[in-house]
Each structure stands twice: as structure tokens, then as C-alpha cells.
1. In what sequence do HIS192, HIS183, HIS201 fall when counting other Cβ within 10 Å, fewest first?
2. Counting other beta carbons within 10 Å of each Cβ, put ASP69, ASP86, ASP50 in order, fewest first.
3. By per-residue mean of other Cβ atoms within 10 Å, what is the highest-first order of 109-115, 75-81, 123-129?
4. Along segment 136-149, what does the Karplus equation 6.51 cos²θ - 1.76 cosθ + 1.60 (θ = phi - 60°) give for ³J(HN,Hα), rounded to whole Hz, x for Gly and Pro?
5. Quick one: 3J(HN,Hα) in Hz for segment 112-129, Karplus 6.51/-1.76/1.60 with θ = phi - 60°, rounded, Gly and Pro as x.
6. Pairs LYS174/LYS204; LYS52/LYS150; LYS150/LYS203; LYS73/LYS219; LYS174/LYS203: which exceed 18 Å Cα-Cα?
7. Just order 157-164, 140-147 by mean Cβ neighbour count inside 10 Å, highest at the front, would you?
8. Under the rule of at least 5 residues apart or a separate chain, name every residue whose amide H is placed under 5 Å from the amide H of SER186.
Amino acid sequence: MPDDKSSTQELEQLIAYTRNYVEYQGSLGLTGFVPQRSISLEQVREELGDCKRCKLCETRTNIVFGDGDERAKLVFVGEGPGRDEDAQGLPFVGRAGQLLTKIIQAMNLERSQVYICNIVKCRPPENRNPQTDEIAACEPFLQKQLEAIKPQIICTLGTSATQTLLRTTEPISKLMGRFHEYHGISVMPTFHPAYLLRNPHAKKEVWEDMQLIQQEYDK
Ligand code: SF4
């Protein structure tokens, strides 16, 4: 039988080993395994500054950083700002945004209780899809926003947001209807509200996804 002293030594060795391992993972940049230093949304916004890290800065009116509760349990991530969002500097304020607000309210939540942002923070010209280099330049700031908020659930809206976050090329239709994982956060992909405006018949599938989110949210 080990005495109390040797048990304590073993415990101390285990703690030291664990600490070294965590620091080693951190030195490799494996942030998913390491408890992150807390960062605030304000700090992320400050770091972004008057960003010119990609060519979308040349045509934007406003950076659309994100909007909502810094402590939100649920974050919606879209693709990029459209014309109305670019003009106002706020995410999801056009027709698609109004539909998103209705979807949120149908889940018995208010917009102010969730956080809403996009993969890229400047409007792609003519609402084209964001390009790979633009996503690569902007995504670190989305990652930091999610690190600051630490939500329980992320709902990705549309193909671009879903494929970017989940690092997949699978079509969204094959990813909907079940939770995926992003750094320990549950991710539910669903159609973008702009797609729903063009294809109202798809609302049923989105509503089924929202019900799954609601169940997870209430846990
Ligand atoms: S899209 Fe993102 S990376 Fe590109 S200029 Fe805007 S804020 Fe910067």
C-alpha cells in the first residue's frame, strides 16, 4: 500500500506532467486542446481596426463586425454582409435579416439574446461568394469572436459558413439535420435565410434544425 507521502508525490508528478503537456500543445498552436486566455469582443474589434488585410476593404462602406450578446449561448454565422449590412455596419438587417429575426423569435428568443456575425466582415462586390484568400484573411477574427463569446451552439447559415467552419466540402444538404463539432461547440448547419426567400419550401427543413437547436439550448 502506498503511503500518503508517495501518493501526494505521484499526484504532484501527474499535475506537473499535465501542465507540461498543455504548454507543449500550446507551443504547437493546437488551440483546440488548450484552455484559451480570455479575450473580449472589444479587444477583437480593436485588433481588427480599420482592416485592410484583404481586397474586400477596397469596396466596402463599413466593416460589419457582428452584433448581439457577448455572453450568448447561440451564435449565428453567415457568409458575408450584403448591401444593407454594408450601408449600416450591422449584420442581417436586410430582407434575409428580417427573416432571421423571425426565425429567432419563433424559437422564443430575442435577437439581443444571440450573437450574429459572418465569415467575412466586408461586403463582397455584387454579393458574390467570398473567395478563399478573403476567408483566410478574415476567419481568424471570427475564431477570436467565438473564443470571446464561448457559445454553446453555433448555427451556420448557408454553404460558405458551414464549409468554412467545419472544414468540409460536403454539400450543406448532407450536413443539415444533425450537430457537428467545432472546438467543443455544437454546430448546426442550415440554409441561409436569403436561400429561404428564394425557396420558401425549404423552411420546413430549417425549422426542424431550429427545433434541434432549441432542445440543445434548453439543456
Ligand atoms: S473582409 Fe475581413 S480581412 Fe478582409 S478587409 Fe474586411 S475585415 Fe479585413
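Taken together, the values in this text are just the output of simple stated rules run on the coordinates, not laboratory data. Because the structure is predicted, anything quoted here is derived from the model rather than measured. Note: ideal-geometry Cβ built from the backbone for every residue, glycine included; neighbour counts use all protein chains shown.
1. Ascending Cβ contact count within 10 Å gives the list HIS201, HIS183, HIS192.
2. Ordered from fewest to most neighbouring Cβ atoms within 10 Å, ASP69, ASP86, ASP50 come out as ASP50, ASP69, ASP86.
3. On the way: 109-115: 17.6, 75-81: 26.9, 123-129: 14.3.
For the peptides 109-115, 75-81, 123-129, the packing ranking is 75-81, 109-115, 123-129.
4. 4, 6, 9, 4, x, 6, 5, 4, 5, 4, 5, 5, 6, 7
5. Coupling constants for segment 112-129: 5, 8, 10, 10, 10, 8, 9, 5, 10, 9, 10, 5, x, x, 6, 6, 5, 5 Hz.
6. Flagged as over cut-off: LYS52/LYS150; LYS150/LYS203.
7. Result, highest mean first: 157-164, 140-147.
8. Long-range HN contacts for SER186: ILE154.
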